[in-house]
Structures are given as structure tokens and as C-alpha cells.
Amino acid sequence: MALQENGVFLYQRFLRKGATLILAFSWIGGLASGVLLFFRADASVISLMRRCCFASVSIVWFAALSILPFLFSAFAVFLSFPWMLYPVCYLKGLCYGFVIAGLDYLWGASSWLVRLAVLFDDILLVPLLFWFWIRHVSGERKCSIRECVLFLISGGLVSVGVNRQIMPFFAEIFIL
């Protein structure tokens, strides 16, 4: 009996520590894959990356794309599939790495400013998303309504703020 309780304790401890480690490796793997994927892309992708700084985006699509990874994560936690957080983390890292590599390739030394402009919402929302993943990746916690509403409100406020305030500011800088 004591051996079984000890085994359950060790398994739960591994679940908490090991799951977080696997989550970190899936994020790093996604970033690396995104960078490699960009450098394997053809010239048409490069011309599309240049247009992303000057094209206008609807606030509805902007907010939806900012909140979509959280919605997938919350859905996975709600259905008690915490293992689904790993692919969501990997894909978010892949997209993030792809865009960072593309902006660095196109803008060179000034890419830090362009990255700040294009990825400002991700810079603010990815730490919140990673916090959500770490809290729920072990499968011990259920996704609460309060937590979901808090993230959706913060994601919506960041998306609206970026679309209304930050993007026009950076658009004027790019015109200069």
C-alpha cells in the first residue's frame, strides 16, 4: 500500500515537473521549426512578409487571431486533454518563429522596431498564454470560467489597444 501511494506521488510529481519541461521543449522546438520553415520558403512568402507591415487588418480578425491559441487551449483543458496543449504550444511557437525570422530577414538591423510593431500583441499575450499552459498542462486543474473570462478580456483589450493606438503610431513611423 505504501509503495503504491509512493508511486502515485512520484507520478504526480513527474507530471508537474516533466509536463512543464516538455511544454518548454515544444515551445523551443516550435520557434526553431518556424525559423527553419521560413528559410525553406520561396520568394513569394518573402514578398508577402513585406506587405504585412503596411496592410490594414480588421479589428475582428486581429482579435480573433490573438485569442485563437487560448481558445484552443481552453477547449483542450475543458475536455480534459492536457496533452493537446503541447501541439498548440508548438504551433504558436512555429508561427511566432516564422514571423520573427521573416521580419529579421527583410528588415535587417531595423527589424527590432518592425518586430515590436507587428508582434506587439503577441509580446503581451504570449506570457499570459504560457502561464495558462503551465497551470493546466499537468491535468490537475480544471479551466475555470473566471480564468477564461480574465484572459479573453485581457486579450480583447490588448487587441483593441494595439489596433487603435499602436498600429497607427507605427504606421506613421514607417511612412517617415
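The values are calculated or read from the model by the stated rules, or taken from the named source; none is laboratory data. This is a predicted model, so every value here is computed, not measured. Neighbour counts run over all protein chains shown; Cβ positions are idealised from the backbone, glycine included. Please note that ligands, DNA and RNA were not included when accessible areas were found on the heavy atoms of the full protein model with its side chains. Shrake-Rupley method; radii C 1.70, N 1.55, O 1.52, S 1.80 Å.
Extension gain, LYS17 to ALA64: 0.36 nm times the residue separation minus the Cα-Cα distance gives 13.7 nm.
Using a probe of 1.4 Å, the accessible surface attributed to GLU147 totals some 20 Å² when neighbouring protein chains are kept in position. Taken along the Cα-to-beta-carbon direction at a fixed 7 Å, the label points for ILE28 and PHE81 span 2.7 nm. Using the Cα centre of the range 69-176 as origin and beta-carbon charges of +1 (Lys, Arg) and -1 (Asp, Glu), tell me which of VAL162, TRP83, ILE173 is placed farthest towards the positive end of the dipole. Value: TRP83.
Taken about its Cα centre, the range 65-176 carries a charge dipole of about 300 debye when Lys and Arg each add +1 at the Cβ and Asp and Glu each add -1 at the Cβ. Taken one residue at a time, the phi angles of the range 39-45 give Karplus couplings (6.51, -1.76, 1.60, θ = phi - 60°) of 6, 8, 6, 8, 5, 5, 5 Hz. Gly and Pro are set to x.
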